[in-house]
Amino acid sequence: MKINFHKLTKKYGTPLYVYNANKIEDKYKLMKKSFSYIKNFKINYACKANTNISILKFLKKLGSGLDTVSIQEVEIGLKAGFKPKEIIYTPNGVSLEEIKKAIKAGVLINLDNLSLLEQIGNEKTNYPIGIRITPHIMGGGNKKISVGHIDSKFGISYYQLPHIKKIIKNTGLKIEGIHMHTGSDIIDMGVFFQIAERLLNVANLFKTLKYIDFGSGFKVPYKQSDSKTDLDLLAFFLKKKLSIFFEKNSSKKIKLFFEPGKFLMSESGFFLVKVNVIKQTTSTVFACVDSGFNHFIRPMFYDSYHQIDNISNPLGKLRFYTVVGYICESDTFCVNRPINEIREGDILCFRNAGAYCFSMSSHYNSRYKPAEVLLYKKKDFLIRKRENMQDLLNNMFEIEFN
Ligand SMILES: *Cc1c(COP(=O)(O)O)cnc(C)c1O
């Protein structure tokens, strides 16, 4: 589908997030198909990637469940129409009170902390719980997004299984799920294979399982030459291992969960900005756009690469630009990159803007958050309006000083 970005920026202004529902659907179906050999295979969209309620509703329509990490995400999920048992809650470092709220909401819960496991067990609620295990495998694109290694704050160590068993014995806690999530942008098939092995080893220790949660970490391409997680290959790679386990346990109807965020959303999204001004210094040509890390922080936070196209001058001569924002802080989107000649007023389009972009945005410098548009069946739908001054002032109280 060719998207008319200019029409959209004329209609909605800039900066603007645009998501293509067709792409989300393609990715969902691709994953579903790759693992169709597992009868009870289920995808739970990791909604921290993008929590717009219309995106959640679209994924619900496709048949997805929801992976959440906060009670607020649980609540948005319920509002979007997911049933409690279609929502899985995998928090880290939250309070007992928050977990009790999730129990009250009736969602699936993965705990990743022995202390909480014990406390919930002692409540004697009989509420079944999943456990998040750290496999002690280094996987992930970089240290910031690798969460399964020995220094990680996530999960209960694989080597603490004997302790988990003691807690279960002492409290009568019922374990219904095993979960692992080892990071983001994993390209090494061997890592997934090791994770599967550890996951199934642990799963074999529990008799009351209803689900095994493989987590996520699937890599998407950020540029043409980039590698990605080849799902068909991964499915093929894991087939024997998974098939043996699920056949052996077929009477128990154990479900296999994946919880992708980036895989489903990243490539569906585009971020459109306008070039305010070109600034030539002694060493650099800066293109300064009407956004910054307040709207799009991944390049600064993760050093992530996002392709930037000048859609106002696609045939222009390639010249070298450092694209920066308008925030009073270093907010560099790319350094010295060849882009079709940029003129003041041109519209630039950032790729891979569907995941961890809007959801990480802030009000820094008292700028409004951008609008969001969803493209579906050749129509564009405004799914979040641009903010105004009232939105910034909403929760502030004005004190009068005499
Ligand atoms: C963030 C997260 C995911 C999604 O990771 P992606 O790399 O976006 O696919 C899945 N599961 C849990 C528990 C997470 O915290």
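The values are calculated or read from the model by the stated rules, or taken from the named source; none is laboratory data. Since we're looking at a predicted model, the values are computed, not measured. Here the Cβ is made from the backbone with ideal geometry for all residues, glycine too, and neighbour counts use every protein chain on show. Ligands, DNA and RNA are excluded from the accessible area calculation, which covers all protein heavy atoms including side chains. Shrake-Rupley method; radii C 1.70, N 1.55, O 1.52, S 1.80 Å.
State whether the residues of region 208-221 include one that is in contact with a strand residue (DSSP E or B) (Cβ under 7 Å, 6 or more places away or on another chain) and of a type in the set (A, V, I, L, M). Within region 208-221 (the criterion being in contact with a strand residue (DSSP E or B) (Cβ under 7 Å, 6 or more places away or on another chain) and of a type in the set (A, V, I, L, M)), the answer is yes, since at least one residue qualifies.
Look through 37, 45, 89 and report the one residue that is over 30 Å from residue 117 (Cα atoms) and not hydrophobic (A, V, I, L, M, F, W, C). If you could, list the steps in order and put the result at the bottom.
Details: 45 fails: over 30 Å from residue 117 (Cα atoms); 89 fails: over 30 Å from residue 117 (Cα atoms).
Going through 37, 45, 89 in turn, the sole match is 37.
Looking across region 177-190, the residues that are open to solvent by 10 Å² or more (accessible area, probe 1.4 Å) and within 13 Å of the ligand (Cβ to nearest atom) come down to 181, 184, 185, 187. I'm checking my understanding of the structure. Among residues of region 93-112 that are open to solvent by 10 Å² or more (accessible area, probe 1.4 Å) and within 16 Å of the ligand (Cβ to nearest atom), which one is farthest from residue 124 (Cα to Cα)? Ranking the candidates gives 93 first.
A quick yes/no check of all residues on (1) out of contact with any strand residue (DSSP E or B) (no Cβ under 6 Å at 6 or more places or on another chain); (2) among the β-branched types (Val, Ile, Thr):
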site: 82; (1), (2): no, no
site: 86; (1), (2): no, no
site: 89; (1), (2): no, no
site: 99; (1), (2): yes, yes
site: 103; (1), (2): yes, yes
site: 108; (1), (2): no, no
site: 116; (1), (2): yes, no
site: 126; (1), (2): yes, no
site: 132; (1), (2): no, no
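Table: residues versus (1) out of contact with any Leu (no Cβ under 9 Å at 6 or more places or on another chain); (2) assigned to a helix (DSSP H, G or I); (3) open to solvent by 50 Å² or more (accessible area, probe 1.4 Å).
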| position | (1), (2), (3) |
| --- | --- |
| 32 | no, yes, yes |
| 38 | no, no, no |
| 54 | no, yes, no |
| 57 | yes, yes, yes |
| 88 | no, no, no |
| 91 | no, no, no |
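Would you mention how many residues in region 171-213 are among the β-branched types (Val, Ile, Thr), within 22 Å of the chain's Cα centre (by Cα) and assigned to a strand (DSSP E or B)?
Within region 171-213, the first condition is being among the β-branched types (Val, Ile, Thr), and the residues that meet it are 171, 175, 178, 182, 186-187, 191, 195, 202, 208, 212.
Right, trim to within 22 Å of the chain's Cα centre (by Cα) and you get 178, 182, 186-187, 191, 195, 212.
So of that shortlist, the ones also assigned to a strand (DSSP E or B) come out as 178, 186, 212.
Residues flagged as among the β-branched types (Val, Ile, Thr), within 22 Å of the chain's Cα centre (by Cα) and assigned to a strand (DSSP E or B) within region 171-213 amount to 3.
Against the conditions (1) at pLDDT 90 or above; (2) within 15 Å of the ligand (Cβ to nearest atom); (3) open to solvent by less than 10 Å² (accessible area, probe 1.4 Å), residue 202 satisfies every one except (2). For region 251-285, a residue qualifies if it is open to solvent by 50 Å² or more (accessible area, probe 1.4 Å), in the same structural domain as residue 209 (by TED's automatic domain parsing) and either in contact (Cβ under 8 Å) with a residue 24 or more places away in the chain or within 16 Å of the ligand (Cβ to nearest atom) (or both), and the qualifying residues are 252, 253, 255.
Listed by position, the strands (runs of 3 or more DSSP E) enclosed by region 242-344 that each have at least 2 residues that are touching a strand residue (DSSP E or B) at 6+ places or on another chain (Cβ under 6 Å) and within 30 Å of residue 202 (Cβ to Cβ) are 255-258. The selection criterion, being more than 30 Å from residue 236 (Cα to Cα) and in contact with a helix residue (DSSP H, G or I) (Cβ under 9 Å, 6 or more places away or on another chain), holds for residue 114. So which residues in region 299-342 are closer than 21 Å to residue 358 by Cα, open to solvent by 10 Å² or more (accessible area, probe 1.4 Å) and of a type in the set (D, E, K, R)? Once the filter is applied, which keeps residues that are closer than 21 Å to residue 358 by Cα, open to solvent by 10 Å² or more (accessible area, probe 1.4 Å) and of a type in the set (D, E, K, R), region 299-342 yields 303, 309, 329. Which of the residues spanning region 212-221 are open to solvent by 10 Å² or more (accessible area, probe 1.4 Å) and within 13 Å of the ligand (Cβ to nearest atom)? The answer is 216, 219. Quickly run through region 350-372 and pick out the residues that are surrounded by fewer than 20 Cβ atoms within 10 Å (Cβ to Cβ) and either in contact with a Leu (Cβ under 8 Å, 6 or more places away or on another chain) or not assigned by TED's automatic domain parsing to the domain that holds residue 306 (or both). Of everything in region 350-372, those that are surrounded by fewer than 20 Cβ atoms within 10 Å (Cβ to Cβ) and either in contact with a Leu (Cβ under 8 Å, 6 or more places away or on another chain) or not assigned by TED's automatic domain parsing to the domain that holds residue 306 (or both) turn out to be 363, 366, 368.
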